[in-house]
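To start, the structure itself, in C-alpha cells.
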Amino acid sequence: MKKYYYYIPLITFILLILFFSRQLFLNKDPSHLPSVMLDESFPKLEFNQLEKYNLLTIEDIFSYDKPSLVNVWASWCVPCKIEHANLMLLKNKHSIRIYGINYKDNLQEADEILNLDGNPFYSIGVDSSGRIAINLGVYGVPETFILDRNGKIRYRHVGPILEYDIRETILPILTKLEQDD
Amino acid sequence: MLVELGHFCLALALSVSILQFVLPIIGIKLKSTRALATSTYSSYLFFCLVSFSFISLMWAYISSDFSVALVAQNSHSLKPLIYKVTGVWGNHEGSLMLWILVLSLYSLALSIIGKNIPLKIKSIVLSVQGLIASAFTGFILFTSNPFLRLLPPKLEGEGFNPILQDIGLAIHPPFLYLGYVGLSITFSFSIAALILKQADSIWIKWVRPWAMLSWTFLTIGIALGSWWAYRELGWGGWWFWDPVENASFMPWLAATALLHSSIVAEKRNTLKAWTILLALIAFSFSLLGTFIVRSGVLVSVHAFASDPSRGIYILLMLILFTGGSLALFAKNAPKLKSGNMFSPISREGAIVINNIIFSAAAATVLLGTLYPIFIDALTANKVSVGPPYFESVFIPLMVPAILLCGFSPMLTWKRAVFDNIYERIIFIFIVSILITSFLIYIRNGSAMTFLGIFLSIWLFLGTIYDFFERILRGKSFNEVAKRIVSYPRSAYGMSFAHIGVSIFILGATMSTAYKTEIETSVQIGDKIIVENKELIFESIKQNQGPNWLADVATFRISHNESDISFLYPERRFYPASQINTSEPAILSRLFYDLYIVLGEKDIKNKNFAVRVYYSPLLNFIWIGIAFMAFGGILSLSDKKHRVSYKTLRKNRNLSIK
C-alpha cells in the first residue's frame, strides 16, 4: 500500500475540524438567532393548512396585540415530545398565544399527537418541504421564536423548552416585551 | 462539607491522572522501570478519588441538598429514591462524572487483569488512559463543575420532567458509557502499538476482549434507550434517528467493524493497520457521542456548542485525541509489518467487505447528523435531516451486509473454494425464497417486507446450517455430543449474535409492515376490534400518585373466550408543573404487542381519545438484541481470552531497550 494512503483519515479529520471551528467561532452562541433575523418582522410567509386546525396566517400574527411564540415542531422529533407538555402549560396557565409550524411531517401523525396530548397552538401552519423554516433560519426542531406585539422576532430559543427555560428565559422576556411600548 | 471534599478529591484526581500520563513517559526516556510501574498505582489511586468524588455528588442528590446548584436544577425532593440516584447522570456535569468514573474503572480493570502484559506496553496504555482522564477531569473542573454551591440555597429542586422518570432511561447511560469508555482501552492499545511500531498477534489478543466487551455494553445501552422510547413516548415507534440516538449508533457501527476486523487480525495476522484505524475511529465516535448527548453540543440537529468555552474545550479535545492519533497513524502505521495476503474469496475477504459496509454506514450516519452544520458552513442555507434520509441510505447499505453474513462463516480462511459451498448457498437461497413467498402469499406485503423477511430467514438458515454442519461432522452420537461441548464459545457467540440479527430483522420488518393503528374516541362500554381481539372500555377511575392525579382507564381485552387480560392506560396530570402526560399500557406477548394510549378527555361528551397499536413480533426486536448481547458475553467467556492474559509470564519484566 502506498504510504500517503495513511494520511487520508487525518486529512478528512482536519477538514471536519475546520468546519467545526468555523461554526464555533463565526457563530459564537448558536442558540441565539443570527443577527439577520433578530428584530426583523416575522417574514411574510404562506403556510398550508393542517386539516381540522386553524391555519396560521400572517394577519393573525400582526393583528395580535400581545407578545406571542412561534414553535417549530414535528411528530417525529423526540425533544418536541418532551417540550409538548410545557407548551400546554404556557398556553393554559400563562395564557400565551403559540403559533405552531409543523415541520417536514406526516400530517396524520401530527394530527394524532395533537389529539392525544392536546393542542397548545392557536393556529398551525404546515411546512412540508422545510423551505419556510429555511426562511426563518431554523436549524432543526424544536425551535421557538418570541415575537413582540408588532410581530417582530425578538428572541430565538433552540431546542426543547424545559420548565427551567420557561421560568428563566421565556416568561421574563415575555413580561419585558409586554411592558415595553 | 461532603460536597467540598468531593470537589477536592476531583482536583486531586486531576493531578493523579496527570502523573499517570507523565511518569511512564519519563520512565521510557530515563529507562526507569520504577517510573513505568507507577502507572498501575496511579490508576488505583485515580479510581479511589473519582469514586469518592462521585459518591459525594450522589449523596447530595440523595439527601436533596439544594444548596448545590446542579442538584437544585435537576432534582426534586419528591422524586423516588431511584430517580434521585439516576438523576446524578441525567445532566451534562453529572454525566461527565459518570464518564470518568467508568474510565477509572476500566483503567483499574486493565491494571489488575493485565498483570502479565509487558510492563512497557502496559504503562504506555495506562499513560494514554491517564491523558484521556486528565483531559476529561480538567474539562469537568474548569468548565462544568458539578459541585458549585448556590447562594441562597433553593427550598425545592426544579428537575421534574415526568417523561424522563423511567427505569429504562435512567439505567441506560451507565451501559452506554461502559460501551463508549471501553473503547478507550482499544484506543490506548492502538496508540501503544503505533508508538512501539509493533502490533503482533498477541497484541491483538489483548485488544479483542475489550472491543467485544464495549460492543456488548453498547448493544445493551442502545437497546435500553430504544426500549424507553417505545414504552414511554407513546408513538409505538422504537427508533427515531434522533441525533442523540445516532450518537450512540455511530460508535456501535464502528465497534462492530472493529470486532470483525480484529478477528482477521488475530487469525491471519493481517489487516492490522486497518484494525488500529478502526479502534481510533471508534473511540473518536465515542467522544463525539458523549458530547452530543448531554452537553447541549448538538441539541437535536442544532449547532455545535451552546456554551462557547465548552465548545472550544471539546474541539481541543477532539483535535488532541482524534487528530493526534490519526497523525501518529499516518506517520507510523506504514512501518507496521504488513501481514499475509489473502484472496478476495475467503473469510477474510468477506470480513473486509463487511468492514467497508459498516464504515460506510457509520459515515452516512455521521453525515446525516452533521449535515446541517456543513450546509450552513458551505451555503447560507440552514436545513435539518430527518428519518427519510437515514432510511433511504442506511437500509440499502445493510442489505449486502446481511446477504454476506448469511454465508461468510462457511468460507474458509486464506482461500475458499467457492465450489464447495456454492450448492449450499443456492440451497439456502431457494429455501429462504420459498418460505418468504409462502408467508407473503398468506398475508400480502410490499417488496420491502419481502426483502426484510427474506434476509431474516436467509441469515437464520445460513447460520444454523453452518453450525449443524460443523457439529454433524461427527459420525456417531457420542462424537456429535463431544463436538457440541468442545465447539468454541466464541463460535457459539458468533452464531448467537448472527441469529440475534436475524430475529431483530424479522421483528423490525413485521412490526412495521403489519402494524395496525386505530385512533378513535370512546365512551365507557365502547368496543374496539383489532386483529380478532376485542377491546372493551370498561371503566375509568381517578387515581392519585405521589405527585400526580390520573385518569386510569380499564380495557378488557378478549383474545378468545378463555383468554382475557386487562390493560390500564393512564392520563396523568402533574399539578406542580401543570403538565399532562399519557402513560401507555402495553400488553406484550411473544407474537404481538398491543399498545393503548389514553389521550385528552372531552369533558362535554365524556369521550376519551384513544390510540391503539397492534404490532406483530415487536418483541422479536428486543429478543434479537438480547441474543446479540448474549453472543457477545458468550464469546467473552471463551477461555482463549483468559489464556492470552495469563501467558507471557516469562516475558513479564521485558527489559526496556
Test for residue A:124: is it aliphatic (A, V, I, L, M), open to solvent by 10 Å² or more (accessible area, probe 1.4 Å), farther than 18 Å from residue B:584 by Cα and not in a helix (DSSP H, G or I): no
Among the candidates B:176, B:196, residue that is open to solvent by 30 Å² or more (accessible area, probe 1.4 Å) and not charged (D, E, K, R): B:196
Any hit, the stretch B:160-169, residues being in contact with a Gly (Cβ under 9 Å, 6 or more places away or on another chain) and crowded, with 24+ Cβ neighbours inside 10 Å: no
Some residue of the stretch B:107-121 being surrounded by fewer than 24 Cβ atoms within 10 Å (Cβ to Cβ), under 28 Å from residue B:318 (Cα atoms) and among the β-branched types (Val, Ile, Thr): yes
Failed criterion for residue A:53 (all others in (1) more than 20 Å from residue A:135 (Cβ to Cβ); (2) under 17 Å from the mean Cα position of the chain (by Cα); (3) of a type in the set (Phe, Trp, Tyr) hold): (2)
Hits in the stretch A:127-166 (condition: surrounded by fewer than 22 Cβ atoms within 10 Å (Cβ to Cβ), acidic (Asp, Glu) and away from chain B (no Cβ under 11 Å)): A:148
Selected residue [part of a helix (DSSP H, G or I), more than 9 Å from every other protein chain (Cβ to nearest Cβ), surrounded by 15 or more Cβ atoms within 10 Å (Cβ to Cβ) and modelled with pLDDT of 90 or more] from A:87, A:10, A:69: A:87
Candidates B:577, B:635, B:644, B:655, filtered to the one that is farther than 26 Å from residue B:537 by Cβ, at pLDDT below 75 and within 28 Å of the chain's Cα centre (by Cα): B:644
Test: residue B:253 is in a helix (DSSP H, G or I), out of contact with any Leu (no Cβ under 6 Å at 6 or more places or on another chain) and either within 29 Å of residue B:169 (Cβ to Cβ) or open to solvent by 30 Å² or more (accessible area, probe 1.4 Å) (or both): yes
Subset of the stretch B:71-97 [of a type in the set (A, V, I, L, M) and either open to solvent by less than 10 Å² (accessible area, probe 1.4 Å) or not assigned by TED's automatic domain parsing to the domain that holds residue B:150 (or both)]: B:71, B:72, B:88, B:96, B:97
Test result for residue B:238, outside any helix (DSSP H, G or I), surrounded by 19 or more Cβ atoms within 10 Å (Cβ to Cβ) and either within 14 Å of chain A (Cβ to nearest Cβ) or under 15 Å from the mean Cα position of the chain (by Cα) (or both): yes
Options B:199, B:193: the member that is under 30 Å from residue B:631 (Cβ atoms), in contact (Cβ under 8 Å) with a residue 60 or more places away in the chain, hydrophobic (A, V, I, L, M, F, W, C) and part of a loop (DSSP other than H, G, I, E, B): B:199
Index of the failed condition, residue A:60 passing every other in (1) part of a loop (DSSP other than H, G, I, E, B); (2) open to solvent by 10 Å² or more (accessible area, probe 1.4 Å): (1)
Selection within the stretch A:90-117 - outside any helix (DSSP H, G or I), facing chain B (nearest Cβ under 9 Å) and either open to solvent by 40 Å² or more (accessible area, probe 1.4 Å) or touching a His at 6+ places or on another chain (Cβ under 6 Å) (or both): A:93, A:104
Test: residue B:598 is farther than 20 Å from residue B:223 by Cβ and crowded, with 22+ Cβ neighbours inside 10 Å: yes
Among residues of the stretch A:127-152, those that are modelled with pLDDT of 85 or more, of a type in the set (Val, Ile, Thr) and under 18 Å from residue A:47 (Cα atoms), counted: 1
Pick from the stretch B:449-471, criterion open to solvent by less than 40 Å² (accessible area, probe 1.4 Å) and among the aliphatic types (A, V, I, L, M), ranking: nearest to residue B:495 (Cα to Cα): B:459
Conditions (1) at the interface with chain B (Cβ under 8 Å from one of its Cβ atoms); (2) open to solvent by 10 Å² or more (accessible area, probe 1.4 Å); (3) in contact (Cβ under 8 Å) with a residue 24 or more places away in the chain: number failed by residue A:54: (1)
Residue match in the stretch B:259-273 (condition: under 30 Å from residue B:613 (Cβ atoms) and within 13 Å of another protein chain (Cβ to nearest Cβ)): no
Residues (crowded, with 23+ Cβ neighbours inside 10 Å and among the hydrophobic types (A, V, I, L, M, F, W, C)) located in the stretch B:1-13: B:10, B:13
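Per-residue answers, yes or no, for (1) within 14 Å of chain A (Cβ to nearest Cβ); (2) under 20 Å from residue B:51 (Cα atoms):
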| site | (1), (2) |
| --- | --- |
| B:101 | no, yes |
| B:113 | no, yes |
| B:119 | no, no |
| B:134 | no, yes |
| B:141 | no, yes |
| B:149 | no, no |
| B:156 | yes, no |
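The values are calculated or read from the model by the stated rules, or taken from the named source; none is laboratory data. Computed from a predicted model, the values in this text were never measured in an experiment. No Cβ is skipped: glycine too gets one built from the backbone with ideal geometry, and neighbour counts run over all protein chains shown. The protein model used for the area step is the full one, side chains on, heavy atoms only, and it has no ligands, DNA or RNA in it. Shrake-Rupley method; radii C 1.70, N 1.55, O 1.52, S 1.80 Å.
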